[in-house]
Each structure stands twice: as C-alpha cells, then as structure tokens.
Ligand SMILES: Nc1ncnc2c1ncn2[C@@H]1O[C@H](COP(=O)(O)OP(=O)(O)OP(=O)(O)O)[C@@H](O)[C@H]1O
Ligand SMILES: [Mg+2]
C-alpha cells in the first residue's frame, strides 16, 4: 500500500517522462482506463490498485490548489445531499505545467453502471438505474430547500456510478468536474474545458456557454434522466433504451414529483442524444487539430491526453 506522498513522488516522475501522444507502457507501466472530454483516467503498475484521473489545463499551481479546494467542497455538498462519492484524494504535480491527479481505489469495471447496462439482465439494470435516480432525486430535492444559495448535483450518466457487488448504495466515481451553482449561476472549473480549445475558439465556446448549459441540465431531474438514457447510445446499448424508459417512467410514477414531471418518450431520448453527440464530436475534432498545431508546428505543449477515435453510435 502506498502512502499519498509516495504516490505524489511517482506521479511527479511519471509526468517528467510521459509522452502525451502515446502515454501507455513505459517505465511506469501506464494503462489507459478511459478518456473523458478533457481528462484521462490511467492506472500505473507503479501504483497498484489505484485509478488516477489526470486533470490538466491549469495556468498556475495556485489555480490547481484552488481547484483542489473546490473539489473538497463538492464532496461535502454531495454527501449532504445523499450522494456518496468514491473516496478521492487530490495530488498536485508541478513539472513543465501543473496537473492534478484524482486518486481513487480501482474498482471492478464490471460493476460500473455502463458495464451492468450492457451485460447484466434487465432486472439488475433496473435496480441500478433506480438506485442512481434515488440519489439524483435526493440531491435535486435538497437543492430546492437550501438557504445558502449553493446547489450541487452529480453527472447522471451510468458510467459514473459504481454499484458494489455486495449491494448497498452506489458510489459516484466521477467527481472531477464539480457541478455546482451559487445563487443560480453555474459555479464550476469550466476554464479547464475551454482551454482545451485554441484562442479565439476558446473565447467563442466560452461565450456560447456550452459547459454552463450542459451543467445546468443536471439540476433538472427530467433533463438529468434524458441525459442518462441518451448516453446508452454512446455506450453501445441502444437495445436497452426502450425497456429502461419503462423502468424510469415506473420510478417517476412513484415519486412525489410525479404530477410535475411528464413521462419520458423514446423520441425525446433520441433527439437529446443526437444533439449532444454532434456537438461533442465537433469539439473533439477541434481539440485534435489544436494539439497538432500547438505541438508539431509551434513546438509548444498541449497538455491534454486525447483519444485516437471515439465511437459515439
Ligand atoms: N476508480 C475507478 N476505478 C475503475 N475505473 C475507473 C475509476 N475511475 C474512473 N474509471 C474509469 O474511467 C471512466 C471515466 O472516469 P470519470 O467518469 O471519473 O471521468 P470522465 O467522465 O472521463 O470525466 P469528465 O466527466 O470530467 O469528462 C469511468 O467511466 C471508468 O470507466
Ligand atoms: Mg464520467
């Protein structure tokens, strides 16, 4: 078992030599577990049993420390609202640039919501969806009653939830982008996302408020559900959309909000996903182009690790 200081030392060494184009293998035995929009989750042989999520795009160490504070605050807000984050430590590593690693225990991938969705019988899938929705609904309800103007929710997509083999409540594993609002305004570290684009596109994407409107949707129970179901297409589980809509509508019908929230339809889910996939793909292509320009032409450093290709349907 490594202490956090040892992990910090290993990550500092790892950062010194990592090839951001081809991070896998190498002296630290790097494996990529998954990519986010602007993040990458890796495992290192040198740090067994841990998942390491690399957050980049910081302009200074001070900003990275601010991010860490915001992260800690987010865990607290989630817990108050009935959502249990998977225990997460933050490690700030300053080399050529500053990055933050979120360190968690490596959980069994088969028990993540998206694997369950693809591989388990409908009964199990239904139980997991209901368990995640119970937590999301609890945070949405809590947000309605706050007095300090601070709201927080979780990303509803199933790949962000870990359902332990032993049963019990699910854990939220995706805590790297705190989804919070202060007095109704999205308060998040959205600059990390914008900075993955070249100027002036970064300013344009920021002006569009793309991340803010995306985040705002999670505060609305019905939109959070549409996002969860729409993501099934990206997860290559389109056959599960229709039966899961039934599960969700059954669940909605048992909630205190049942008269305020209309049942979900298949047409809406498809439409919701189509809109999302096109925008994300465009942004991804722009980022690859930016990396090429910055690294190869200007010989600078584009600090994000990007996937080769994303299968979205
Ligand atoms: N602790 C963990 N154990 C095993 N796998 C993990 C762990 N954390 C993350 N992963 C894998 O990496 C994927 C992405 O992680 P996560 O959801 O935290 O970030 P993200 O969605 O990539 O980030 P963002 O939402 O910030 O773009 C998960 O769906 C899972 O497959
Ligand atoms: Mg995620």
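The values are calculated or read from the model by the stated rules, or taken from the named source; none is laboratory data. Note that the coordinates shown come from a computational prediction; the quantities given were computed from them, not determined experimentally. Heads up, the Cβs are rebuilt from the backbone with ideal geometry, glycines too, and the neighbour counts pull from every protein chain shown.
Below is a table of values for the structure above.
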| read-out | value |
| --- | --- |
| Tabulated pairs, segment 198-223, first under 20 Å from residue 149 (Cβ atoms), second surrounded by fewer than 17 Cβ atoms within 10 Å (Cβ to Cβ) and modelled with pLDDT of 80 or more, C-beta under 6 angstrom, 6+ apart or interchain | 217/223 |
| First in segment 23-37 and under 16 Å from residue 308 (Cβ atoms) and modelled with pLDDT of 95 or more, second anywhere and within 6 Å of ligand 1 (Cβ to nearest atom) and not in a loop (DSSP other than H, G, I, E, B), Cβ under 7 Å, 6 or more apart | 33/41; 33/51 |
| Every residue from segment 197-223 that is away from ligand 2 (no atom under 15 Å from the Cβ), more than 20 Å from residue 133 (Cα to Cα) and under 16 Å from the mean Cα position of the chain (by Cα) | 210, 212, 213 |
| Segment 99-114 - residue that is assigned to a helix (DSSP H, G or I) and within 16 Å of ligand 2 (Cβ to nearest atom) and, of those, surrounded by the fewest Cβ atoms within 10 Å (Cβ to Cβ) | 109 |
| Among the residues listed as 71, 63, 120, 110, the single one being closer than 25 Å to residue 151 by Cα and more than 17 Å from the chain's Cα centre (by Cα) | 63 |
| Subset of segment 178-210 that is part of a loop (DSSP other than H, G, I, E, B) and in contact with a helix residue (DSSP H, G or I) (Cβ under 8 Å, 6 or more places away or on another chain) - its residue that is nearest to residue 82 (Cα to Cα) | 178 |
| Complete set of residues in segment 156-180 that are more than 8 Å from ligand 1 (Cβ to nearest atom) and within 22 Å of residue 230 (Cβ to Cβ) | 156, 158, 161, 163, 170, 172, 179 |
| Number of positions in segment 163-187 that are closer than 29 Å to residue 125 by Cβ and more than 14 Å from ligand 2 (Cβ to nearest atom) | 7 |
| Residues that are buried (at least 22 other Cβ atoms within 10 Å of the Cβ), more than 16 Å from ligand 2 (Cβ to nearest atom) and part of a helix (DSSP H, G or I), drawn from segment 138-162 | 139 |
| Hey, residue 232 buried (at least 18 other Cβ atoms within 10 Å of the Cβ) and farther than 22 Å from residue 143 by Cα or not | yes |
| Condition check for residue 7: within 16 Å of ligand 2 (Cβ to nearest atom), modelled with pLDDT of 95 or more and either farther than 20 Å from residue 197 by Cα or crowded, with 19+ Cβ neighbours inside 10 Å (or both) | no |
| Residue 280, sole failed condition from (1) in contact (Cβ under 8 Å) with a residue 40 or more places away in the chain; (2) surrounded by 14 or more Cβ atoms within 10 Å (Cβ to Cβ); (3) touching a helix residue (DSSP H, G or I) at 6+ places or on another chain (Cβ under 6 Å) | (3) |
| Test: residue in segment 88-98 that is near ligand 1 (Cβ under 10 Å from one of its atoms), assigned to a loop (DSSP other than H, G, I, E, B), under 22 Å from residue 181 (Cα atoms) and touching a residue at least 40 places away in the same chain (Cβ under 8 Å) | yes |
| Condition met for residue 91 (away from ligand 2 (no atom under 16 Å from the Cβ), farther than 30 Å from residue 9 by Cβ, in contact with a helix residue (DSSP H, G or I) (Cβ under 8 Å, 6 or more places away or on another chain) and modelled with pLDDT of 95 or more) | no |
| Leading residue by the ranking (nearest to the chain's Cα centre (by Cα)) among those in segment 28-60 that are loosely packed, with under 14 Cβ neighbours inside 10 Å and within 28 Å of residue 135 (Cα to Cα) | 33 |
| Residue match in segment 115-131 (condition: part of a strand (DSSP E or B), over 15 Å from residue 51 (Cα atoms) and either touching a strand residue (DSSP E or B) at 6+ places or on another chain (Cβ under 6 Å) or away from ligand 2 (no atom under 16 Å from the Cβ) (or both)) | no |
| Residues located in segment 205-237, provided they are modelled with pLDDT of 85 or more and touching a strand residue (DSSP E or B) at 6+ places or on another chain (Cβ under 8 Å) | 212, 215, 216, 218, 219, 224 |
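For (1) in a loop (DSSP other than H, G, I, E, B); (2) under 30 Å from residue 183 (Cβ atoms), each residue gets a yes or a no:
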| residue | (1), (2) |
| --- | --- |
| 233 | no, no |
| 247 | no, no |
| 259 | yes, yes |
| 283 | no, yes |
